[in-house]
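The values are calculated or read from the model by the stated rules, or taken from the named source; none is laboratory data. Because the structure is predicted, anything quoted here is derived from the model rather than measured. Neighbour counts run over all protein chains shown; Cβ positions are idealised from the backbone, glycine included. The area values use the complete protein model at the heavy-atom level, side chains included, leaving out ligands, DNA and RNA. Shrake-Rupley method; radii C 1.70, N 1.55, O 1.52, S 1.80 Å.
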Amino acid sequence: MVPRFLCVLLLGPCLLCSVSASADSAAFDLNGPPVEVTVTRAGKTLPIAEVPNLQVGDRIWLHPELPGSQSVHYLLVAAFLRGTTNPPPENWFTKAETWDKEVREEGIVVTVPKGAQQMLLFLAPETGGDFSSLRGAVRGKPGAFVRASQDLVQAGLNRSRLDKYLDEVRQTSQFAPDALHERSVLLARSLSIKLDQQCFDRPAEQQMACLTHDSDNLVLDDGHSQSMVATLTSGPASDLIGHVSSTPMARGGYYSPYIGAFVDVARIMGSIHTAQYQYIPALALPHHDALNLKLNNPPSFRNPKSVLVIGMPAVESEQLPPLRAVEAERPLCLQSPGLALAVEGAPLVFSTDYAHDFVLRMHDASGKALELPVFADPARGGFVANEKQLATVLAQAKDLGPVITGSLRGFWGFKEFDGPVFPMRNAHPATWTLPGEDTTLVVGRGDTLHLASTGAACVDQILLKDRAGKEIKAQWQAAKNDALEVHVPLEHASSGPATLLIKQFGLAKPDELKLQMYSEAAHLDAFTIHAGDHDGMLYGTRLDEVAMLELPGARFAPGTLSRSKEQDQLQLSAAGGSAPTLSADQSLTAQVALKDGRVLKVQTKIEPPRPKVALLSRTVQPAPAVSSSIHIGKEDELPQDGRLSFFLTSQVPPAFERDEKIEVATLDGSYHAFLSQAEGTLVLQDAKTVLAFLDPAKAFGPSAFGELHFRVVATDGSQGDWQPLATLVRVPTLKEVRCPSSPDQDCSLLGSNLYLIDSVASDAAFTHQKPVPLGTAGSTLPVPRPNGTLLYLKLRDDPATVDSVALPVMPEAP
């Protein structure tokens, strides 16, 4: 099959289109003759590699670099177009005889005329009537050449992204294999490349081959480059180009780096002469002022002779790149080694020279400013500086204040461009504070400090120096802007005065913060437990020393230890898992055994019992579209567009109160909903039994999935224990299966929302299965041949459960 956009060169009143069967897989790996090109606008000249678009009045210098021994004379034709339905005038075509001495030495200059929208170059072997025949063909079918211009430019832009990715991966694999994972992730983000994370699970020597495998389908949709070559035909862009991996055409659709070969042979009859051409696409890969041409078919110099068709940038206003900063609010340290201004959203900034002459302009609150030349580096995920130029700027940065703002500025072609703004910090001796905390630490265990300073982004190392001079290395992470969370291991530290040494990048002397470290024995404040519960909470300090708590008739073992507002909180659970017999409002004294053998006493308060309900039954009602196709394989699976009904009986209190609610949530707490009698989602069967209704699509929206649990919430706000309820799954809509006649070939599953499927198999044991790749957005999937009409699915939201679906199996369309 041949890409549609390359089979539309309808050249003349009669068309004969023939395609070689093996041409689909031909890659653009043949070198064509380079053409030197520069563009002059308003007195400024740029090489073609730095020109993303042309404008009316631009002067374009063209100089074909054919060898002196060239035996076949080539005619260079520059043609301007003005849309699909408006043939260009004859004077919009300029020819140059490349064998002419003046052309060979000086080239030619053409000017973009008013009203032009596209430009194409043709390299045609000399023959009788060649120029008039070619001009007549273009004027006769301008829409075909408009589409060819757009498609060739888009293909060249995508090829630039792929080539940059492959080159960087290969170089990294060869010279810095340990950095392959990190750089590949940054390359994928910068160039909008589909990255297979499973490649990093392979041995190191196999990762490069995995990352560059199936290169036809690596380049993802990029709205910016599409807007630069937006179609002017009546059909939408999606009709012309298709999405990545959505069609086998051109081995991955429009975004394949290789365009399937095509041959359009048109016999155009003139009054005297006859020209017979085959038109072959030439990918233009600019480098400085040279258009390096890549062909996928060797040119023919016999009838039909080959005409090279070369796309040029569109004639339009500048389409500035939608660059945006990654983590735009996080301050960057100017002195940080490997400083990179992380940006995303515009792959062409990294794969082409359209973005050039960029600087980072930095200024502080007083208005003092510095400029640092920077360039785009996709392997580091943003704009970086030359080490020598950075060293020069760092020497001058001493005159700037600690808080600076960096603005990215440069050129997009001829137009000045203001990029993202970055909050930055300039390393300086700083004063450090502990907001809301005192300067004390407790030895014998790890402790955490929260530090604040404008120097937080520039921290290189943190050490704690105790009174004996012993230095303890601390771990830290950014808590928020200009703040750090520092963990200090004090298990083997000694008590007494201590100093926190905070070293910043670029500064020889560390900042100092005076602290005090104490030895702390356990101190018990209170133990509270609700009547009927088997878990209680002990409050105090140094509760890590607690070994056991005992009340009359019950023993409690320590569980999770946390710290809040300078106080330890230790969860204790009754031995055996059963709740002790305790009455509300009792006041008891508990015995607490410490790990060192000491026994302490603590006052205990028995709180009123928390509300409690029991699940009696549940019923899942799937949506009609789901029930007619997919058979859910587990009783507690709840389709997102289904409905769950479940009965609850109240245990504490003995009857449901009118304002009592049921809270349903995902395990991570990201989604939750409340059911109530007032909203009609709780209906009393009798005083102590209630029927609950949950519509997950309405309650949680389209993105919720996973295990659901519920709890009762009393009128006074007290909450019961969480209990499991169901597993929420999102399901695709499946239409049919189409199979080829050959029994050893896979079939195709048709439907929508297919990304919700984890894998498909022809048997319940999943012996013959097809995994569904992440990022699948199409409406078809390759699947094993069904067992009759039956396929087995694992949904991405619950991959441990096997579901089944019976679909009509149709023969594959010819």
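Of everything listed in (1) under 29 Å from Pro558 (Cβ atoms); (2) in a strand (DSSP E or B), the single unmet condition for Asp668 is (2).
Counting the residues of the range 713-737 that are touching a residue at least 40 places away in the same chain (Cβ under 8 Å), charged (D, E, K, R) and farther than 30 Å from Pro784 by Cα gives 1. The numbered conditions (1) modelled with pLDDT under 90; (2) within 35 Å of the chain's Cα centre (by Cα) are all true for Leu484 except (1).
Restricting Ser583, Ser587, Ser562 to those that are more than 30 Å from Asp641 (Cα to Cα), open to solvent by 50 Å² or more (accessible area, probe 1.4 Å), in contact (Cβ under 8 Å) with a residue 40 or more places away in the chain and among the hydroxyl-bearing types (Ser, Thr, Tyr) reduces the list to Ser583. Applying a threshold of 6 Å to beta carbon distances and a minimum spacing of six or more residues, or different chains, the list of pairs starting in the range 738-754 at a residue that is over 11 Å from Met810 (Cα atoms) and open to solvent by 10 Å² or more (accessible area, probe 1.4 Å) and ending at one that is part of a loop (DSSP other than H, G, I, E, B) and of a type outside the set (Gly, Ala, Ser) reads Gly751/Pro732; Asn753/Pro732. Of the residues Ser617, Ser628, the single one that is out of contact with any Leu (no Cβ under 7 Å at 6 or more places or on another chain), among the polar types (S, T, N, Q) and modelled with pLDDT of 90 or more is Ser617. Counting only residues that are surrounded by fewer than 20 Cβ atoms within 10 Å (Cβ to Cβ) and in contact with a strand residue (DSSP E or B) (Cβ under 7 Å, 6 or more places away or on another chain), the range 57-72 holds 6 of them.
Exactly one residue out of Lys415, Lys465 is in contact (Cβ under 8 Å) with a residue 12 or more places away in the chain, of a type in the set (D, E, K, R) and under 21 Å from Pro322 (Cα atoms): that is Lys415. More than 18 Å from Leu293 (Cβ to Cβ), in a helix (DSSP H, G or I) and over 45 Å from the mean Cα position of the chain (by Cα), is that true of Glu102? Yes; evaluated as a whole, the condition is true for this residue. Going by the conditions given, is Ser300 open to solvent by less than 50 Å² (accessible area, probe 1.4 Å), of a type in the set (Ser, Thr, Tyr) and under 30 Å from Pro125 (Cα atoms)? Yes, satisfied. Among the residues of the range 115-141, just one is more than 20 Å from Pro281 (Cβ to Cβ) and basic (Lys, Arg), namely Arg139. Restricting attention to the range 142-159, the residues that are of a type in the set (Lys, Arg) and touching a strand residue (DSSP E or B) at 6+ places or on another chain (Cβ under 9 Å) add up to 1. In the range 657-704, of all residues being in contact with a helix residue (DSSP H, G or I) (Cβ under 9 Å, 6 or more places away or on another chain) and touching a residue at least 60 places away in the same chain (Cβ under 8 Å), the one that is farthest from Asp533 (Cα to Cα) corresponds to Ala704. Could you run through the range 634-665 and say how many residues are of a type in the set (Gly, Ala, Ser) and part of a loop (DSSP other than H, G, I, E, B)? Here the count works out to 2.
To keep it simple, each residue is scored yes or no on (1) under 19 Å from Arg380 (Cβ atoms); (2) at pLDDT below 85; (3) surrounded by fewer than 22 Cβ atoms within 10 Å (Cβ to Cβ); (4) not polar (S, T, N, Q).
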| site | (1), (2), (3), (4) |
| --- | --- |
| Pro142 | no, no, yes, yes |
| Gln150 | no, no, no, no |
| Ser160 | yes, no, no, no |
| Ala179 | yes, no, yes, yes |
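Listed by first and then second residue, the pairs linking a residue in the range 93-120 that is on the phi > 0 side of the Ramachandran plot to a residue that is of a type in the set (Val, Ile, Thr), with Cβ atoms under 8 Å apart and 6 or more places separating them unless they lie on different chains, are Gly115/Val56.
The residue that is surrounded by the most Cβ atoms within 10 Å (Cβ to Cβ), among those in the range 488-524 that are in contact with a Leu (Cβ under 8 Å, 6 or more places away or on another chain) and farther than 14 Å from Lys465 by Cβ, is Leu524.
The residue of the range 431-462 that is nearest to Glu485 (Cα to Cα), among those that are among the small types (Gly, Ala, Ser) and buried (at least 21 other Cβ atoms within 10 Å of the Cβ), is Ala456. Looking across the range 1-55, the residues that are modelled with pLDDT of 90 or more and on the phi > 0 side of the Ramachandran plot come down to Ala42, Gly43.
Please enumerate the residues belonging to the range 81-106 that are small (Gly, Ala, Ser) and open to solvent by 40 Å² or more (accessible area, probe 1.4 Å). None; the set is empty.
Restricting attention to the range 68-83, the residues that are of a type in the set (Gly, Ala, Ser) and in contact with an Asp or Glu (Cβ under 8 Å, 6 or more places away or on another chain) add up to 0. Determine, yes or no, whether Thr85 is within 43 Å of the chain's Cα centre (by Cα), β-branched (Val, Ile, Thr) and modelled with pLDDT of 95 or more. No; evaluated as a whole, the condition is false for this residue. Entry remark, the range 660-674: residues being open to solvent by less than 10 Å² (accessible area, probe 1.4 Å) and within 18 Å of Leu638 (Cβ to Cβ) number 4 in total. When the range 623-656 is filtered for residues that are of a type outside the set (Ser, Thr, Tyr), open to solvent by 60 Å² or more (accessible area, probe 1.4 Å), within 30 Å of Leu734 (Cβ to Cβ) and free of Cβ contacts under 8 Å to residues at least 60 places away in the same chain, the ones remaining, listed by number, are Pro624, Glu635, Arg643.
Among (1) of a type outside the set (D, E, K, R); (2) without any contact (Cβ under 8 Å) to a residue 60 or more places away in the chain; (3) in a helix (DSSP H, G or I), there is one condition Pro67 misses while meeting the rest; what is its number? The one condition Pro67 does not meet is (3). Of all residues assigned to the range 795-814, at least one qualifies as being at pLDDT 90 or above, small (Gly, Ala, Ser), touching a Phe, Trp or Tyr at 6+ places or on another chain (Cβ under 9 Å) and surrounded by fewer than 17 Cβ atoms within 10 Å (Cβ to Cβ). Looking across the range 463-479, just one residue is open to solvent by less than 20 Å² (accessible area, probe 1.4 Å), of a type outside the set (Gly, Ala, Ser) and outside any strand (DSSP E or B), and that is Asp466. Quick check on the range 597-609. Is at least one of its residues outside any strand (DSSP E or B), touching a helix residue (DSSP H, G or I) at 6+ places or on another chain (Cβ under 6 Å) and either in contact (Cβ under 8 Å) with a residue 24 or more places away in the chain or open to solvent by less than 90 Å² (accessible area, probe 1.4 Å) (or both)? So far as the range 597-609 goes, no, none of its residues is outside any strand (DSSP E or B), touching a helix residue (DSSP H, G or I) at 6+ places or on another chain (Cβ under 6 Å) and either in contact (Cβ under 8 Å) with a residue 24 or more places away in the chain or open to solvent by less than 90 Å² (accessible area, probe 1.4 Å) (or both). Please go through the range 499-523 and pick out each residue that is modelled with pLDDT of 90 or more and assigned to a strand (DSSP E or B). Result: Thr499, Leu500, Leu501, Ile502, Lys503, Gln504, Asp511, Glu512, Leu513, Lys514.
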